[in-house]
Amino acid sequence: MSKEWPLWEVFVRAKNGLSHRHVGSVHAADDRMAIEAARDTYTRRMEGVSLWVVRSADIVASDPGEGAALFEPAADKVYRHPTFYSIPEHVKNI
Amino acid sequence: MTDGLTEYALRLGDDSLILGQRLGEWCGHAPMLEVDLSLTNVALDLVGQATLFLGIAGDADKLAFHRDVLDFKNCLLVEQPNGDFAQTIARQFLFSNWQELLFRELTQSRNATLAAIAGKAVKEVAYHARLANEWMVRLGDGTAESRARIVNGLDWMWRFGDELFDVDDVVEPLIASGVAVDVRKLRGEWDQRIARTLSEATLEMPKPRRAAKGGRIGHHSEHLGHLLSEMQFLQRAYPGATW
Amino acid sequence: MYTTELKDKNQKSAPVTTVAEDPAKLAAFEARVAADDFIEPKDWMPEAYRKTLVRQISQHAHSEVVGMLPEGNWITRAPSLRRKAVLLAKVQDEGGHGLYLYAAAETLGTSRDEMIEALHTGRAKYSTIFNYPTLTWADIGAIGWLVDGAAIMNQVPLQRTSYGPYARAMVRICKEESFHQRQGYEIMMALAGGSPEQKRMAQNALDRWWWPSLMMFGPPDENSPNTAQSVRWRIKRETNDEIRQRFVDVTVPQAEAIGLKVPDPALTWNEARGSYDFGPIDWEEFYAVVRGEGLVAKERMKARVEAWEKGAWVREAANAHAAKRAHRAAAE
């Protein structure tokens, strides 16, 4: 069997002002083909104005096994959120 | 005999229709799912163009499904069979590069409808040309087999290129009045584009050969009749029915 | 389009139960799924869950791709430019859906090539419905109306399935499918309101596609051993019989609205249940088709294998060219 075309992750910017969002993946032999496959697969219904494609193999992901260490320490840092602070009702614009 | 504009619209519409029909044959059978989707997008663009151009000439469906070969005015290139993927790409390569130049100029037409259709379609065919050019390079500069196949495909299609640049008595007055594009003036740029991509594909320019022509006056190859008998089957078998 | 879990009858259950899993991990996993949390690709999951998902998602993907063939059969013969464009767009969507689903399954560690290989060698199944031929244009209407209608009912709940990539693919698919059923019904409407020949075509298509459509929901619940586990894992959200009943209930009035008759003499409205009672389904036929004895099963597989084999040199050429370019770029 011949070698499979590499997998690429596809990101679409729905409209200017928004960030690119992951929508799925395609197989393509090279970067131009990856853009075209992404265009022909994921933007057929006017879903976007810009595309990113990234080789799936090049994506570095956090390990879910370390999820607790990575993300849970943020849980008790409630002082990072505005609702942590009590301001009297009559004080406005703050 | 139809008037000049009608005839011109038929030529434009039939080119898109017949090639769209051909590409539709690929749907579900392409080398890779991604390629299947791409080819279908191209087919959809072409069927859309055909609908608009034929709409200038009359009832688009009646024209598409009730004319016989002698009344079809597409160029011979688009009716050529798909063959293998290389042959399909070679056909698309020659045609889309021409159609892009044609539509670019047609956006300047004094006929507002033609100009508007071209304005929409030129973006579509620019993409078709890009796809075809890239595949020419991949196949030409790919493996020994792909190279042999694209050389064969191009060899099949090459003799139909000259017809794209013909101007006859029907079109001449339309050119004079600023309605139609003088395709003769596009030849130089087309030649350059073809040469550039072939060079990138490490392919030789095919040898000049006697041009095959006649599509614009209804003198077609044998392939068109079979294409039409399939495409028109329902409308012919059930005359007067609406679908 | 959709495929339910397909196995030969004789292949009786052997449900993919487990190698010994770590009980603590398993319990945590089950709790997450029960709490409607989503499982993502790199999360720990029981092997049985992974295998069941790969099997179901890839069957679903195969069904989409094989499903391009019966409808593709009419692209070149569609009776108007509008119908041609719609059908092209629809069949293309099926291809796209196959692609999304293969991609979802690939996140579980099985490559698309492996899945395609399994399809081509007959190890993987696809929906039985596509082994029936499309004889007339009305079949294109019937497929859109009935087959896509059945598919939508199966698929909508899967948008909340437990595996994230599958759920996201289903969201996209459901959004895109919404026009499929309507275009099919519109074709049927035009035919049912047309000439006597067209009416005959429409009724004939309903006659041929009705029962196979009901079979699409899969074997009756008592013969569908994995249902309980799949429901618990939210790989499946309702039982086969529940969805089948709902399909019958919504479709019968749609047929009546355009003057077509559902080919089931036993069909009667059951006031007490608020549902239609319907006649027995020929499950022998269903299992025969699952075994590959559908009228055009061989043609379908031949078409897929041929497309794949004839495309091999194209895929190789693109790889070879990419390698050359990379090599040149490295040399610069």
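A short reminder: the numbers here are calculations on the coordinates, not readings from a lab. Remember, predicted model here, so these are calculated numbers, not experimental data. Because the Cβ atoms are built from the backbone with ideal geometry, glycine has one as well, and the counts that use them run over all protein chains shown.
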Fill in: Folded to 0 to 90 degrees: helix B:85-106 orientation relative to chain B principal axis, Cα
50
Response to the item:
So for the range B:84-223, using the alpha carbon gyration tensor with a ≥ b ≥ c as root eigenvalues (a/c under 1.5 gives rounded; past that, a/b versus b/c decides prolate or oblate), I'd call it prolate
Worksheet, complete the sentence: Computed curve, the range B:1-52, Cα-only Debye sum without solvent term, log₁₀ I(q)/I(0) at 0.13, 0.16, 0.25 Å⁻¹, is -0.36, -0.49, -0.83
Item to complete: Send over the semi-axes of chain C's equivalent ellipsoid, whole angstrom and largest first, taken as the square roots of 5 times the C-alpha gyration tensor eigenvalues.
Response: 34, 28, 18
Response to the item:
Between B:ARG236 and C:ALA35, the two model label points (7 Å from Cα along the beta-carbon direction) sit apart by a distance in nm of 6.7
Worksheet entry | chain A - mean residue ellipticity at 222 nm from DSSP helices (-39,500 (n - 2.57) per run, n ≥ 4, rounded to 500) | -5000 deg cm²/dmol
Item to complete: Sequence neighbours fewer than 8 away in the same chain don't count; with that in mind, list the lysines whose C-alpha is under 23 Å from C:LYS25.
Response: C:LYS42, C:LYS51, C:LYS236
Discussion item. Please list, in order along the range C:181-189, the HN-Hα scalar couplings obtained from phi with the Karplus expression 6.51 cos²θ - 1.76 cosθ + 1.60 (θ = phi - 60°), rounded to whole Hz, x for Gly and Pro.
Written reply: 5, 5, 5, x, 5, 4, 4, 4, 4
Worksheet item: Where the centroid of each part is defined by its Cα atoms, how far is the range C:282-332 from the range A:32-73 in Å?
Response: 26
Worksheet entry | Estimated [θ] at 222 nm from DSSP helical runs (n ≥ 4, -39500 (n - 2.57)) normalised by residues in chain B, nearest 500 | -21000 deg cm²/dmol
Worksheet entry | Spatial separation of Cα centroids for the range B:175-243 and the range C:144-217, in angstrom | 38
Worksheet item: Which order do B:LYS213, A:LYS77 fall in if you start with the one that has the fewest other Cβ atoms within 10 Å?
Response: A:LYS77, B:LYS213
Worksheet, complete the sentence: In this structure, among C:LYS175/C:LYS302; B:LYS120/B:LYS213; C:LYS90/C:LYS125; A:LYS3/C:LYS324; A:LYS3/C:LYS298, pairs with alpha-carbon gaps over 20 Å are C:LYS175/C:LYS302; B:LYS120/B:LYS213; C:LYS90/C:LYS125; A:LYS3/C:LYS298
Response to the item:
Net charge (Lys, Arg +1; Asp, Glu -1) of residues whose beta-carbon lies under 10 Å from that of B:HIS223, B:HIS223 excluded, is -1
Fill in: Kirkwood estimate for the protein assembly as shown, i.e. one over the average of 1/r between Cα atoms, Å
27.3
Worksheet item: How big is the charge dipole of the protein assembly as shown about its Cα centre, in debye rounded to the nearest 20, if each Lys and Arg gets +1 on its Cβ and each Asp and Glu gets -1 on its Cβ?
Response: 800
Worksheet item: Assigning unit charges at the beta carbon (Lys, Arg +1; Asp, Glu -1) and nothing else, what dipole magnitude in debye, to the nearest 20, does the range C:128-281 show about its Cα centre?
Response: 600
Worksheet item: Are there trypsin sites (Lys or Arg not before Pro) in the range C:68-134 that DSSP marks as loop and that have at most 15 other Cβ atoms within 10 Å, and which are they?
Response: C:ARG123
Fill in: the range A:7-84 - charge dipole about Cα centre, Lys and Arg +1 at Cβ, Asp and Glu -1, debye rounded to 20
480
Worksheet, complete the sentence: Among B:SER96, C:HIS180, B:THR40, the residue whose Cα sits farthest towards the positive end of the charge dipole of the protein assembly as shown (+1 at Cβ of Lys and Arg, -1 at Cβ of Asp and Glu, taken about the Cα centre) is B:SER96
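Scanning chain B for GluC sites (Glu not before Pro) in DSSP loops with at most 15 other Cβ atoms within 10 Å, what's the longest stretch left with none? Present the calculation step by step, with values, prior to reporting the outcome.
Values: sites that count: B:GLU204, B:GLU222.
Longest run free of exposed loop sites: B:1-203.
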Worksheet, complete the sentence: Candidates C:HIS62, C:HIS120, C:HIS97; GNM for chain C (alpha-carbon contacts under 10 Å) flags as most fluctuating C:HIS120
Item to complete: Report, to the nearest 10°, how far helix A:31-42 tilts away from the longest principal axis of the Cα atoms in chain A, using its own Cα long axis and a range of 0 to 90°.
Response: 70
Worksheet, complete the sentence: Diffing the range C:258-265: the Karplus 3J(HN,Hα) column from phi (6.51, -1.76, 1.60, θ = phi - 60°), in whole Hz with x for Gly and Pro, holds 10, x, 9, 10, 5, x, 9, x
Worksheet item: For peptide C:90-99, how many partner chain Cβ atoms fall within 10 Å of a residue's Cβ, on average?
Response: 6
Discussion item. Among C:PHE278, C:GLY141, C:ALA257, whose Cα projects farthest towards the positive end of the dipole of chain C, with charges put on the beta-carbon of Lys, Arg (+1) and Asp, Glu (-1)?
Written reply: C:GLY141
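Taking a cut-off of 19 Å, what percent of all Cα-Cα pairs in the range B:52-128 are separated by more than that?
Roughly 50 percent, rounded to a whole number.
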Discussion item. If the reach is capped at under 15 angstrom between alpha carbons, list the aspartates and glutamates near C:LYS261, excluding any in the same chain fewer than eight residues apart.
Written reply: C:ASP207, C:ASP249
Response to the item:
Sorting B:THR51, B:MET136, B:ALA118 by the position of each Cα along the dipole of the range B:2-237 (Lys, Arg +1; Asp, Glu -1; all at Cβ), the one nearest the positive end of that ordering is B:MET136
Worksheet item: Can you put C:ILE57, C:ILE75 in order, fewest other beta carbons within 10 Å first?
Response: C:ILE75, C:ILE57
Discussion item. Tell me the relative contact order for chain C as a rounded percent, counting alpha carbon contacts under 8 Å between residues six or more apart.
Written reply: 21
Worksheet item: Using a Gaussian network for chain C with springs between C-alpha atoms less than 10 Å apart, which of these wobbles most: C:ALA297, C:ALA272, C:ALA169?
Response: C:ALA272
Practice prompt. Pull up all non-local amide H partners of C:SER275: gap of 5 or more, or a different chain, and H-to-H distance under 5 Å with H placed in the peptide plane.
Written response: C:ASN270
Item to complete: Kindly put C:VAL171, B:VAL35 in sequence by how many other C-beta atoms sit within 10 Å of each C-beta, fewest to most.
Response: C:VAL171, B:VAL35
Worksheet item: Which FRET efficiency value, to the nearest 0.05, is calculated for A:ARG13 and B:ASP182 with the Förster distance at 41 angstrom and r the Cβ-Cβ distance?
Response: 0.50
Worksheet item: For chain C, what is the calculated [θ] at 222 nm in deg cm²/dmol (nearest 500), taking -39500 (n - 2.57) for each run of four or more DSSP H residues and dividing by its residue count?
Response: -19500 deg cm²/dmol
Worksheet, complete the sentence: Along the range B:136-150, Karplus-curve 3J(HN,Hα) (6.51, -1.76, 1.60; θ = phi - 60°) to the nearest Hz, with x for Gly and Pro, reads 4, 5, 4, 6, x, 10, x, 10, 4, 5, 5, 5, 4, 5, 6
Item to complete: For chain B, with a Gaussian network of springs between Cα atoms less than 10 Å apart, report the residue from B:LEU224, B:LEU33, B:LEU203 with the top mean-square fluctuation.
Response: B:LEU33
Practice prompt. Using only atoms on other chains, find how many Cβ atoms lie within 10 Å of each Cβ of peptide B:230-242 and report the average.
Written response: 4
Item to complete: Starting from the range C:227-293, pick out the GluC sites (Glu not before Pro) whose DSSP state is loop and whose Cβ has at most 13 other Cβ atoms within 10 Å.
Response: C:GLU271
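Within 10 Å of each Cβ in C:38-47, how many Cβ atoms from other chains are there, averaged over the peptide?
What the average comes to for C:38-47 is 2.
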Worksheet item: Could you list log10 I(q)/I(0) for the range C:161-212 at q = 0.17, 0.21, 0.31 Å⁻¹, which the Debye formula gives when each Cα is one point scatterer?
Response: -0.65, -0.77, -1.06
Practice prompt. Write down the radius of gyration of the range B:2-237 and its Dmax, each obtained from C-alpha positions, in Å.
Written response: 16.9, 50
Worksheet item: At q = 0.17, 0.25, 0.26 Å⁻¹, what is the log10 ratio I(q)/I(0) for the range A:7-84, with the Debye formula run over Cα points and no solvent?
Response: -0.75, -1.05, -1.10
